[in-house]
Amino acid sequence: QVQLVESGGGLVQPGGSLTLSCEASGFSFSLFVMSWYRQAPGKERERVATIDSGSKKVYMDSVKGRFTISRDNAKNTVDLQMNNVKLEDTAMYYCNVNDMGWWGRGTQVTVSS
């Protein structure tokens, strides 16, 4: 049974930092490309960052230089380090296994002063 459990969301001030974590189980984690997505109210879900099995990383333009995706294949986790957060980063953040349609339930990030 595939499970993706996100954690680490919360309330953070603009310019602050937050680290999201996704714990995966039920599949061969190290073999799969993993992504973080986000969805703000009234907006479509968008892909924030992707990391492949060889740890090659791709980011959406608006988070480049601020967010870092990483994975630990020994722990079956994929993290999203968020630095210098902005109001527009407020969204529900989801962990995803590429091309498999597997999603976590999400963790809410709210950026507010």
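The values are calculated or read from the model by the stated rules, or taken from the named source; none is laboratory data. Everything quoted here is computed from the prediction, not taken from an experiment. A quick note on method: Cβ atoms are made from the backbone with ideal geometry, for glycine too, and the neighbour counts reach across all protein chains shown. All accessible areas refer to the heavy atoms of the entire protein, side chains included, with ligands and DNA or RNA removed. Shrake-Rupley method; radii C 1.70, N 1.55, O 1.52, S 1.80 Å.
Odds and ends about this structure:
- Residue ID - farthest from Tyr94 (Cα to Cα), chosen from residues in the range 28-50 that are hydrophobic (A, V, I, L, M, F, W, C) and open to solvent by 30 Å² or more (accessible area, probe 1.4 Å): Leu31
- Single unsatisfied condition, Ser53 versus (1) under 20 Å from Val109 (Cα atoms); (2) free of Cβ contacts under 8 Å to residues at least 40 places away in the same chain: (1)
- Taking the criterion of being in a strand (DSSP E or B) and of a type in the set (A, V, I, L, M, F, W, C), the residues of the range 1-15 that qualify are Leu4, Val5, Leu11, Val12.
- Residue in the range 29-39 that is in a loop (DSSP other than H, G, I, E, B) and either within 23 Å of Ser113 (Cα to Cα) or without any contact (Cβ under 8 Å) to a residue 12 or more places away in the chain (or both) present: no
- Qualifying strands (runs of 3 or more DSSP E) (wholly inside the range 51-96; at least 3 residues being open to solvent by less than 60 Å² (accessible area, probe 1.4 Å)): 67-72, 77-82
- Qualifying residues in the range 97-113 (those that are in contact with a helix residue (DSSP H, G or I) (Cβ under 8 Å, 6 or more places away or on another chain) and of a type in the set (A, V, I, L, M)) - the one surrounded by the most Cβ atoms within 10 Å (Cβ to Cβ): Val109
- Tally, over the range 94-107, of residues that are farther than 13 Å from Thr50 by Cα and either at pLDDT 95 or above or aromatic (Phe, Trp, Tyr) (or both): 5
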